[in-house]
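Colleague: Here it is: the structure, laid out below.
The values are calculated or read from the model by the stated rules, or taken from the named source; none is laboratory data. This one's a predicted model, so the numbers in the text were calculated from it and none came from an experiment. Here the Cβ is made from the backbone with ideal geometry for all residues, glycine too, and neighbour counts use every protein chain on show. Each accessible area value is taken on the protein alone, full model and side chains, heavy atoms only, with ligands, DNA and RNA left out. Shrake-Rupley method; radii C 1.70, N 1.55, O 1.52, S 1.80 Å.
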Amino acid sequence: METATQTYRSYAEAYEKSIQDPEGFWGEQARQIAWFEEPKQILTTDENGFYRWFAGGKLNTAYLALDYHVENGRADQTALIYDSPVTNTIRKYSYREFRDMVARFAGALHGLGVGKGDTVVIYMPVIPEAVVAMLACARLGAIHSVVFGGFAPHELTVRIDDARPKVVISASCGIEFDKHIPYKPLLDKALNDSKHKPEHTIILQRPYVVADMQPGRDLDYVDVLQKAQPVEPVPVDAHDPLYILYTSGTTGKPKGIVRDNGGHAVALKFSMKAVYGVDPGDVFWAASDVGWAVGHSYLVYAPLIHGCTTVLFEGKPVRTPDAGTFWRIIMQHDVKVLFTAPTAIRAIKKEDPEGIEKIKYDLPSLKYLFLAGERCDPATYYWAKDLLRIPVVDHWWQTESGWPMVANMVGYGLKPAKPGSAGLPVCGYKVEILGEEGQELIPAQEGYVAVKLPLPPGCLPTLWEDNDRFYKSYLDRFPGYYMTGDGGYMDEDGYIYIMGRIDDVINVSGHRLSTGEMEEMVASHPAVAECAVVGIADDLRGQRPIGLVVLKDGQNISEEQIEQELIAMIREKIGAVAYFRNALIVKRLPKTRSGKILRKILRNIADGVHYAIPSTIDDPAILTEIHDDLKERKIGNAFLE
Ligand code: COA
Ligand code: AMP
């Protein structure tokens, strides 16, 4: 079959076609996947006026990811390599084996009454059973919602109440370095606190921690599997949801990003060659957690739909067992493309600045390193490039898009990289930089990064059961555009520089979190009158949150005590990944005269970045006081001046 990229001679030609004739372009790409019934229309709008792709098409995503390859000569090719230094395990599954496991587990879910359109929550570590669970749902036309294993019970409760799953699938534990994290008590607490009670849970008992089971509700993974019969893939409509993935918004209620089956399969298939330059049969490794969008798209769905071998890594870039783990895996499994977050590279660089570990491994298979999840600072870019001597490709995307929006599309030939820039718009994304009034800005002017509608296939068609929030969060601000929530600029050559979020979202170790949500939690402390939580620069994690609190009159709690209580609170409610480690008591928060907290200035003070004092500020003296407090406590970079 001709690959999509061969149709066009260059990136410019393909991009132009995708923007000028989206239906023509995506109609061609749609022919690259095996539909049960071809779409009747390529692009339509629904009753809400939202764009939808491939109306009338029928398919099954698990079929495309597994059965299709079994039927077309890849049955014995390795589909998935599970490499788990934390359990000392390497296991390989052929496409046939994996298809059989998924078909059987789908049968188990079916036996519990899960069918097309039902929801299933998956709260698991990075293990093959998590991927099996996702694909089993897809096989049945059920909608999975994977919750990142690092989230605390409260976050799980919120998601369970929103998705209302029929079944929750979990494991007895996850493993963080040498620590076993029992998941079942976290799940029990979440289910105890949730309003919605799923009929069953299925628990995989890992040998390291044995979970207590609640008779009647909790079922053993192995038991249900043994009793199950395999089932065939269920045809679904292109518009039917494949999954919901919750992501942080600006409030305590996460956004349920919906991914449909048709657009998702077409976009991911296209991206594998066009963006990542990989062919069927190649080994592709996204070093991510299944709980994140990268894990969904590039650990599970895209490499399998494309007929690649995917690597599932249960470990960390360092200390599992050392800073050479990534290089060992690449060599041992002949990885062609590694996709990870800049944080992971910074972690390796911190432990092995001279790259001594790398010398132990020959990496002839590795062609590209792709980085995303947060801004890639030029120092990290150059360190990785010098160490690996291959192209390092920064690229930008979001949970909402589900695949890259800006990249160096290596499938059309590598273009010169500009460190600090995520590259050029990907086919289908007309990225523009807009000013306050929605006007297009000239090169080098920083503004709102927006994408002209329609978004290409694969992007969120809406939010789970909340069209109104979808509209208000993304479409309302600039009519005719999707507002990404990022700020940035474009240079004369059309390269895009993403400078960070313009809302209350931060990225801690590549994990997207809401400072708005943390603020709501901090504000609930009985001693706190008002507060601000802002993300400050962190050498390893990219960003980390700190809290500034104003105490209620008459409270005389010490700074140390309230800090400890707030740290414990955020850890218990969101999870240790939030990495909330500092809280300061301040007399007042810096505000404009109209009462808006000047969060950007707080960030600038902590980061040691120059800032202009706005004329609308209520009380400029407070800025100096906060600066001096941060400096005294050596928080952020304020003390470096
Ligand atoms: N389950 C349970 N707990 C988790 C967890 C998980 N999946 N992930 C992290 N945590 C915990 C850690 O154990 C740690 O707990 P502690 O405070 O008790 O020690 C805490 O959350 C903070 O974790 P983290 O920020 O990850 O720090 P770390 O020192 O454990 O590891 C890195 C640092 C950089 C190695 C790690 O964050 C990393 O690998 N980052 C890359 C992230 C990534 O690939 N993101 C993909 C998005 S594209
Ligand atoms: P997530 O939804 O978790 O994928 O996080 C999306 C956010 O991460 C984006 O809105 C950006 O703020 C940030 N991000 C992702 N990739 C990049 C990148 N390459 N450069 C800069 N920021 C990025």
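Colleague: So how strong a dipole does the chain carry about its Cα centre when Lys and Arg Cβ are +1 and Asp and Glu Cβ are -1, to the nearest 20 debye? Intermediate results must be reported in sequence, preceding the final value.
Modeller: Details: 69 positive and 85 negative charges, 150 e Å.
The dipole magnitude comes to about 720 debye.
Colleague: Magnitude of the Cβ-charge dipole of segment 553-602, K/R +1 and D/E -1, about the Cα centre, nearest 20 debye? Write out the running numbers ahead of the final one.
Modeller: Details: 10 positive and 6 negative charges, 118 e Å.
Computed about the Cα centre, the dipole is about 560 debye.
Colleague: Among 179/255; 385/634; 58/415; 273/452; 430/600, which pairs are too far apart, with a Cα-Cα distance over 26 Å?
Modeller: 179/255; 385/634; 58/415; 430/600
Colleague: According to the square roots a ≥ b ≥ c of the eigenvalues of the Cα gyration tensor, what is the shape class of segment 126-209, taking rounded for a/c under 1.5, prolate for a/b larger than b/c otherwise, and oblate for the remainder? Can you show the working numbers first?
Modeller: Numbers: a/c = 1.89, a/b = 1.17, b/c = 1.62.
Here segment 126-209 falls in the oblate category.
Colleague: Go through 373, 421, 390 and say which Cα lies farthest out towards the positive end of the charge dipole of segment 364-449; charges sit on Cβ, +1 for Lys and Arg, -1 for Asp and Glu.
Modeller: Result: 390, furthest along the dipole toward the positive end.
Colleague: Just how much of residue 76 is accessible, in Å², when a 1.4 Å probe is used and the result is rounded to the nearest 10?
Modeller: Its accessible surface works out to 120 Å², give or take rounding.
Colleague: Hey, how many Å between the Cα centroid of segment 16-86 and the Cα centroid of segment 305-325?
Modeller: 26 Å
Colleague: Then there is this: Packing-wise, with mean Cβ within 10 Å as the measure, how do 594-604, 539-549, 91-101 rank, highest first?
Modeller: Ranked from most to least packed, the peptides come out as 539-549, 91-101, 594-604.
Colleague: Can you run phi through the Karplus equation (6.51, -1.76, 1.60; θ = phi - 60°) for segment 548-560 and list ³J(HN,Hα) in whole Hz, with x for Gly and Pro?
Modeller: Result, rounded to whole Hz: 10, 10, 9, 7, 5, 4, x, 7, 10, 5, 6, 4, 4.
Colleague: Rounded to the nearest 10 Å², what accessible area does residue 42 have for a 1.4 Å probe in the complete protein model?
Modeller: About 40 Å², ignoring ligands and nucleic acids.
Colleague: For the chain, what does the helix formula give at 222 nm: sum of -39500 (n - 2.57) over DSSP H segments with n ≥ 4, over the residue count, nearest 500 deg cm²/dmol?
Modeller: -8000 deg cm²/dmol
Colleague: Another question, then. Using the Karplus curve 6.51 cos²θ - 1.76 cosθ + 1.60 with θ = phi - 60°, work out ³J(HN,Hα) for each residue of segment 101-115 in order, rounded to whole Hz, and write x for Gly and Pro.
Modeller: 4, 5, 4, 6, 5, 4, x, 5, 5, 4, x, 8, x, 7, x
Colleague: Put +1 on the Cβ of every Lys and Arg and -1 on every Asp and Glu Cβ in the chain; which of 445, 479, 43 then has its Cα farthest towards the positive end of the dipole?
Modeller: Positive-most Cα among the choices belongs to 43.
Colleague: Could you give the spread of the C-alpha atoms of segment 174-287 along their three principal axes, from largest to smallest, in whole angstroms?
Modeller: Taking max minus min along each principal axis of the Cα atoms, segment 174-287 gives 48, 39, 37 Å.
Colleague: Got a sec? Which residues in segment 284-322 would a label at residue 88 touch, if it sits 7 Å along Cα→Cβ and we count backbone N under 14 Å?
Modeller: Answer for segment 284-322: 321.
Colleague: Going by average Cβ density within 10 Å per residue, which order do the peptides 220-231, 143-154 take, highest to lowest?
Modeller: By packing density, highest mean first, the sequence is 143-154, 220-231.
Colleague: Another question about this same structure. Arrange the peptides 260-271, 431-442 so that the one whose residues have, on average, the most other Cβ atoms within 10 Å appears first. Intermediate results must be reported in sequence, preceding the final value.
Modeller: Numbers: 260-271: 28.3, 431-442: 14.7.
Most protected by this proxy first, the peptides run 260-271, 431-442.
Colleague: Compute and list, largest first, the equivalent-ellipsoid semi-axes of the chain from the alpha carbon gyration tensor, each √(5λ) rounded to a whole angstrom.
Modeller: Those come to 37, 30, 25 Å.
Colleague: If you don't mind, there's one more thing I want to ask. Heavy atoms of the protein only, probe of 1.4 Å, neighbouring chains included. What is the accessible area of residue 178 in Å², nearest 10?
Modeller: Approximately 140 Å² of residue 178 is accessible to the 1.4 Å probe.
Colleague: Per residue and in Å³, how big is the convex hull formed by the alpha-carbon atoms of segment 509-639?
Modeller: 106 Å³
Colleague: Set Lys and Arg Cβ to +1 and Asp and Glu Cβ to -1, take the dipole of segment 509-639 about its Cα centre, and tell me which of 583, 612, 546 lies farthest positive.
Modeller: Checking the options against the dipole of segment 509-639, the answer is 612.
Colleague: Sticking with this one: Which value, in debye to the nearest 20, describes the size of the charge dipole of segment 265-360 about its Cα centre when Lys and Arg Cβ atoms bear +1, Asp and Glu Cβ atoms bear -1, and nothing else is charged?
Modeller: 140 debye
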